[in-house]
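The values are calculated or read from the model by the stated rules, or taken from the named source; none is laboratory data. Source: prediction; values computed, not measured. All Cβ positions, glycine included, derive from the backbone under ideal geometry; neighbour counts span all protein chains shown.
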């Protein structure tokens, strides 16, 4: 399901990601999972947290515009301190 066009759209948005923050795209055959690390997110300052959220939304929109069904998730939780 993860097409070349989706890959290009995803990579074209890299400059929106705050330094030290990235997303992982996982192909689940019928949909894509975009996973963010909660630990990487939590160490960002307020401004960069907002940029990270904007980046996630842009990635989701770009993938959906190329035909994907997208699920945004976070990796981590209480135990990931």
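The residue that is surrounded by the most Cβ atoms within 10 Å (Cβ to Cβ), among those in segment 67-81 that are touching a strand residue (DSSP E or B) at 6+ places or on another chain (Cβ under 9 Å) and either without any contact (Cβ under 8 Å) to a residue 24 or more places away in the chain or farther than 23 Å from residue 1 by Cβ (or both), is 76.
When each of 64, 54 is tested for being in contact (Cβ under 8 Å) with a residue 24 or more places away in the chain, surrounded by 13 or more Cβ atoms within 10 Å (Cβ to Cβ) and either in a helix (DSSP H, G or I) or in contact with a strand residue (DSSP E or B) (Cβ under 7 Å, 6 or more places away or on another chain) (or both), the lone residue that passes is 54. Based on this model, can you work out whether residue 47 counts as at pLDDT 95 or above, over 9 Å from the mean Cα position of the chain (by Cα) and not in a strand (DSSP E or B)? Yes: the conditions hold for residue 47. Within segment 32-44, restricting attention to residues that are in a helix (DSSP H, G or I) and without any contact (Cβ under 8 Å) to a residue 40 or more places away in the chain, the residue that is surrounded by the most Cβ atoms within 10 Å (Cβ to Cβ) is 41. Using the structure shown, decide if residue 21 is at pLDDT 95 or above and out of contact with any helix residue (DSSP H, G or I) (no Cβ under 6 Å at 6 or more places or on another chain). Considered against the rule, which asks whether it is at pLDDT 95 or above and out of contact with any helix residue (DSSP H, G or I) (no Cβ under 6 Å at 6 or more places or on another chain), residue 21 comes out as no.
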